[in-house]
Amino acid sequence: MVGGVIQTQDRPVPDHVEPTYVVDWDYLKDPRLQIDPHGLYAKWTAEAPHEVVWTTANGGHWMILSNEAIVEALQTPELFSSKHTGIPPRPGAAKLIPEELDPPEHTKYRSQLNKRLGPKMIKYFDGRARAMANELIDRVQAAGKCDLMQALTIPLPCSLFLDMVGLPSERTEEFVQWKDELFQGSNNEIRIGAQQRINAYLEEAIALKRKDGGADDLLGYLVNEGRIDDEPITQADLMAYAFLFFIAGLDTVTATMTNCFHYIATHPGAQDKLLENRSFLIDFPEEILRRYSVVNSVRTATRDFEWRGVQIKAEDQFVAGTAFANVDGKEFPDPLTVDFERENNRHIGFGAGPHRCAGSHLARTELVAVMQEVLPRLPNLRLQPGTDLKYYAGGLIGLTELPVEWDV
Amino acid sequence: MELKITVDRSKCSGHARCAMKGPDVYELDDEGFCISDGKIVTDESLRTQVIHGMKACPERAISVIEA
Ligand code: HEM
Ligand code: SF4
């Protein structure tokens, strides 16, 4: 037992867990997460008595705390299922496709996406991201200061998402509001209302695609040419796909892009260095994706098995966090230091194994394009004086605001 | 010199990191999966790209042997 009492929650430690493997670390509610989540993950990873431990927090679950073991879990869906994305599982919630499917079912749904989200299909988004970034910066540049999240890193991924599903990006603002209501709504009614509006909107988008028959954008492709078991994709599956892009491709990009600008605004010299050397500009988001990873995924045991010295029971849950794996000092020396030239940066910021982020090529394109357009336009970017930054941290990790100023 | 690249296709999940660090060595298919399994590199000037690409693979799917 490390640091605390064994039974902090109603559920006692199950018999199959050895006492020396038990901790009370709470990766969802520890108050230190608001200040420096990655520092805490690194601390836990370094102090863990074993690479897999049982925590009594959140009803009891395993935490995997080494890069190697996390990669192995993510690469082994036969034992580590994706069927629940939350701890504890959300009963009765509709399946997220392909996120909550396991192979071989997963493979069918996933391959449909790869066709339209591969590195070569992404060229188009590069131009769009640059144009959108410039439009958004036009609105604030003269003011010399803004909350960069409201001004840029929230609306941009939303516009690009609307573009991807072939909807007019004029409706971005409305869309951003629904998204906030969905993720942060203060009560269930607001959240359900937002979900209904989003679904109605996605339904409209799908209907439009059916009518025009086009398959150029991702949604058009899924609607008009996608095939699962040689059949056109059903309406229900199309809705589930579209909803997942919405969940997977907005806040993750917002959080990562914000982290990039946060680093630049707090490290004098970084901005010039990035503008001078294009190869840094490509490696920089990768190192930010490592040091400030934004996703902690969850897996659930498919059956009883023995793994790395512990006995696992069917339905046990695991945090297999990319944000933990990427600050493991055994894999990344001096893990909390950002090093643009870090060698062997095999980070898993986009996950690993069959669920590796389907949008990773798109996200990378977006990040590099935005850095390249925006950095020259906001010289000497820095935090506004007196700024106290705060994180939200759980399955997704990100800043809540980024008040910055620059020279005009 | 002769470097032989092996890519474990069952592990490769299409991160494209190999091609980012070794653009003149590693080739990707349209979905972003590495198709350089079995490739033999003889050009000494590409050695760093071969090695850096291998070491950037998050899935540990690439191995390189001095042939
Ligand atoms: C910097 C931005 C992003 C980060 C850090 C990120 C991270 C991740 C991670 C870690 C996973 C794996 C989750 C797991 O194994 O449980 C994932 C899955 C996924 N991501 Fe992303 N993502 C980003 C952007 C995007 C974008 C722009 C899209 C838009 C299409 C997207 C679509 C998806 C999809 C569809 C999946 C599920 C894949 C599957 O289950 O096979 N992501 N993402
Ligand atoms: S980096 Fe590894 S997983 Fe990614 S494409 Fe190359 S070989 Fe495949």
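The values are calculated or read from the model by the stated rules, or taken from the named source; none is laboratory data. Because the structure is a prediction, the values reported are computed rather than measured. So basically every Cβ, Gly included, is an ideal-geometry build from the backbone, and we count neighbours across all protein chains shown.
Quick notes on this structure:
- Picking from residues in the range A:346-379 that are in a loop (DSSP other than H, G, I, E, B) and among the small types (Gly, Ala, Ser), the one that is farthest from the other protein chains (Cβ to nearest Cβ) is A:359.
- The range A:377-393: number of residues that are loosely packed, with under 14 Cβ neighbours inside 10 Å and either among the hydroxyl-bearing types (Ser, Thr, Tyr) or within 30 Å of residue A:90 (Cα to Cα) (or both): 1
- The residues in the range A:351-364 that are under 23 Å from residue A:148 (Cβ atoms) and either away from ligand 2 (no atom under 16 Å from the Cβ) or in contact with a Cys (Cβ under 9 Å, 6 or more places away or on another chain) (or both) can be counted, and the count is 1.
- The range A:321-337, subset in a helix (DSSP H, G or I) and aliphatic (A, V, I, L, M), residue farthest from residue A:349 (Cα to Cα): A:325
- Restricting the range B:26-56 to residues that are in contact with a Lys or Arg (Cβ under 6 Å, 6 or more places away or on another chain) and aliphatic (A, V, I, L, M), the residue that is farthest from ligand 2 (Cβ to nearest atom): B:40
- In the range B:13-56, the residue that is surrounded by the most Cβ atoms within 10 Å (Cβ to Cβ) out of those that are outside any loop (DSSP other than H, G, I, E, B), touching a residue at least 40 places away in the same chain (Cβ under 8 Å) and not aliphatic (A, V, I, L, M) is B:18.
- Condition check for residue A:106: within 14 Å of chain B (Cβ to nearest Cβ), touching a residue at least 24 places away in the same chain (Cβ under 8 Å) and under 30 Å from residue A:192 (Cα atoms): yes
- Members of the range A:143-161 found to be over 24 Å from residue A:223 (Cα atoms) and surrounded by 20 or more Cβ atoms within 10 Å (Cβ to Cβ), listed by number: A:146, A:148, A:149, A:152, A:153, A:154, A:155, A:156
- Of all residues in the range A:211-226, none are among the basic types (Lys, Arg) and touching a helix residue (DSSP H, G or I) at 6+ places or on another chain (Cβ under 9 Å).
- For residue A:340, the criteria (1) in a strand (DSSP E or B); (2) modelled with pLDDT under 95 hold in every case but one, which is (1).
- Selection status of residue B:59, near ligand 2 (Cβ under 6 Å from one of its atoms) and touching a residue at least 40 places away in the same chain (Cβ under 8 Å): yes
- Meets criteria (more than 13 Å from chain A (Cβ to nearest Cβ), crowded, with 18+ Cβ neighbours inside 10 Å and either within 16 Å of ligand 1 (Cβ to nearest atom) or assigned to a strand (DSSP E or B) (or both)) for residue B:5: yes
- Scanning the range A:166-184 for residues that are crowded, with 17+ Cβ neighbours inside 10 Å and outside any helix (DSSP H, G or I) returns A:166, A:167.
- Screening the range A:128-142 for residues that are in contact (Cβ under 8 Å) with a residue 40 or more places away in the chain and surrounded by fewer than 16 Cβ atoms within 10 Å (Cβ to Cβ) and picking the one that is farthest from residue A:398 (Cα to Cα) gives A:142.
- Residues satisfying the stated conditions in the range A:109-128, i.e. within 11 Å of ligand 1 (Cβ to nearest atom), away from chain B (no Cβ under 11 Å) and either closer than 30 Å to residue A:372 by Cα or out of contact with any helix residue (DSSP H, G or I) (no Cβ under 8 Å at 6 or more places or on another chain) (or both): A:125
- Filtered residues of the range A:321-345 (kept if among the hydrophobic types (A, V, I, L, M, F, W, C), more than 15 Å from ligand 1 (Cβ to nearest atom) and away from every other protein chain (no Cβ under 14 Å)): A:336, A:338
- Where residue A:146 falls short, out of the listed (1) touching a Gly at 6+ places or on another chain (Cβ under 9 Å); (2) not in a helix (DSSP H, G or I); (3) not basic (Lys, Arg): (1)
- Qualifying residues in the range B:38-67 (those that are of a type in the set (A, V, I, L, M) and more than 14 Å from every other protein chain (Cβ to nearest Cβ)) - the one farthest from residue B:26 (Cα to Cα): B:67
To keep it simple, each residue is scored yes or no on (1) within 25 Å of the chain's Cα centre (by Cα); (2) more than 16 Å from ligand 2 (Cβ to nearest atom); (3) among the hydroxyl-bearing types (Ser, Thr, Tyr); (4) in a helix (DSSP H, G or I).
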{"site": "A:193", "(1), (2), (3), (4)": "yes, yes, no, yes"}
{"site": "A:196", "(1), (2), (3), (4)": "yes, yes, no, yes"}
{"site": "A:200", "(1), (2), (3), (4)": "yes, yes, no, yes"}
{"site": "A:204", "(1), (2), (3), (4)": "no, yes, no, yes"}
{"site": "A:207", "(1), (2), (3), (4)": "no, yes, no, yes"}
{"site": "A:221", "(1), (2), (3), (4)": "yes, yes, yes, yes"}
